[in-house]
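Peer 1: My structure is below; once you've seen it, I'll send some questions.
The values are calculated or read from the model by the stated rules, or taken from the named source; none is laboratory data. Worth saying up front: this structure is predicted, and the values here are computed from it rather than measured. Here Cβ is always computed from backbone atoms with ideal geometry, including for glycine, and neighbour counts include all displayed protein chains.
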Amino acid sequence: MDAIELLCHDHRMVEQLFRDYAAAGSDSQRRGVVEIIVRELSKHAALEELMFYPLAKKVLPDGQQEIDEHLAEHLSVKKTLLALDGLPAGDDQTDALMAELQQEIEHHVQEEESDLMPRLRAAVDQQTLDELGQALDEAKQTAPTRPHPQAPDEPPSLALAAPVAAIYDRLRDRLQKRPLT
Ligand SMILES: [Fe+2]
Ligand SMILES: [Fe+2]
């Protein structure tokens with residue numbers, strides 16, 4: 001899967017989890033679904049922030065402003081996730097928080113899939129999306145599994161920024177017909 005396919009695959013999985021939540025028949029089943037959603041969305045948000053948004057920021061003309069808006073929305077998602085993460089099974093705040101989360105995620109998916117992703121696909125070549133997909137897939141194994149609204153949401157260190165910088169360098173090399181090794 002390339003980077004965009006991989007992130008859209010996450011979106012479909014989370015949509016299914018919301019359906020599972022609605023269909024669950026007991027507090028413990030509902031709590032089980034909440035914990036999987038917290039885990040999957042925490043990983044998804046971290047991967048986008050560390051690897052997908054930095055590339056979009058570099059290659060889209062208005063990337064900086066657009067990504068700042070996405071990061072602000074991620075922050076409110078992470079706050080909702082953090083509130084859900086701390087609840088016990090059967091807590092009566094769960095339904096309201098899940099409804100709020102579902103709205104935030106529908107908005108997130110709509111903006112990414114109808115705007116950000118098509119524009120990124122048009123701005124880079126397939127090889128770049130394939131390389132980024134590979135990097136995302138590997139990073140998934142070590143991505144944070146809980147929400148961290150206080151943590152930096154942009155690559156804080158060279159080590160984390162390096163895979164995206166390398167992918168971007170190779171894209172520029174191809175576009176500028178530099179020798180490939
Ligand atoms: Fe996002
Ligand atoms: Fe996303």
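Peer 1: Within the set of pairs 6 or more residues apart or between chains, which connect a residue that is on the phi > 0 side of the Ramachandran plot inside region 132-150 to a residue that is outside any loop (DSSP other than H, G, I, E, B) with Cβ atoms less than 8 Å apart?
Peer 2: No pair meets every condition.
Peer 1: Follow-up. Does GLU113 satisfy being in contact with a His (Cβ under 9 Å, 6 or more places away or on another chain) and either in a helix (DSSP H, G or I) or within 20 Å of SER42 (Cα to Cα) (or both)?
Peer 2: Numbers: in contact with a His (Cβ under 9 Å, 6 or more places away or on another chain): yes; either in a helix (DSSP H, G or I) or within 20 Å of SER42 (Cα to Cα) (or both): yes.
When the stated conditions are applied, GLU113 passes them.
Peer 1: Of everything in region 1-40 that's without any contact (Cβ under 8 Å) to a residue 40 or more places away in the chain, touching a Leu at 6+ places or on another chain (Cβ under 8 Å) and not charged (D, E, K, R), which residue is nearest to LEU55 (Cα to Cα)?
Peer 2: Applying the filter and picking the extreme gives ILE36.
Peer 1: So which residues in region 18-40 are surrounded by 17 or more Cβ atoms within 10 Å (Cβ to Cβ) and either away from ligand 2 (no atom under 14 Å from the Cβ) or not in a helix (DSSP H, G or I) (or both)?
Peer 2: Result: PHE18, TYR21, ARG30, ARG31, VAL33, VAL34, VAL38, ARG39.
Peer 1: Moving on. Just one of LEU84, LEU55, LEU47 is on the phi < 0 side of the Ramachandran plot and at pLDDT 95 or above; which is it? Working first, answer last.
Peer 2: Values: LEU55 fails: at pLDDT 95 or above; LEU47 fails: at pLDDT 95 or above.
Going through LEU84, LEU55, LEU47 in turn, the sole match is LEU84.
For every residue, the table says whether it meets (1) outside any helix (DSSP H, G or I); (2) over 21 Å from PRO61 (Cα atoms).
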{"site": "LYS78", "(1), (2)": "no, yes"}
{"site": "LEU97", "(1), (2)": "no, yes"}
{"site": "GLU106", "(1), (2)": "no, yes"}
{"site": "ALA122", "(1), (2)": "no, no"}
{"site": "THR142", "(1), (2)": "yes, yes"}
{"site": "ILE167", "(1), (2)": "no, no"}
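Peer 1: Restricting to region 41-76, and then to whatever is free of Cβ contacts under 8 Å to residues at least 40 places away in the same chain and within 12 Å of ligand 2 (Cβ to nearest atom), can you tell me which residue is nearest to MET13 (Cα to Cα)?
Peer 2: Start the filter on region 41-76 by keeping residues that are free of Cβ contacts under 8 Å to residues at least 40 places away in the same chain, which leaves 44, 57, 61-65, 67-69, 72-73, 76.
From the residues that got through so far, the ones that are within 12 Å of ligand 2 (Cβ to nearest atom) too are 44, 73.
On the way: HIS44: 11, GLU73: 20 Å.
This residue is HIS44.
Peer 1: How about region 10-38: which of its residues are more than 16 Å from ligand 1 (Cβ to nearest atom) and among the basic types (Lys, Arg)?
Peer 2: Across region 10-38, the qualifying residues are ARG19, ARG30, ARG31.
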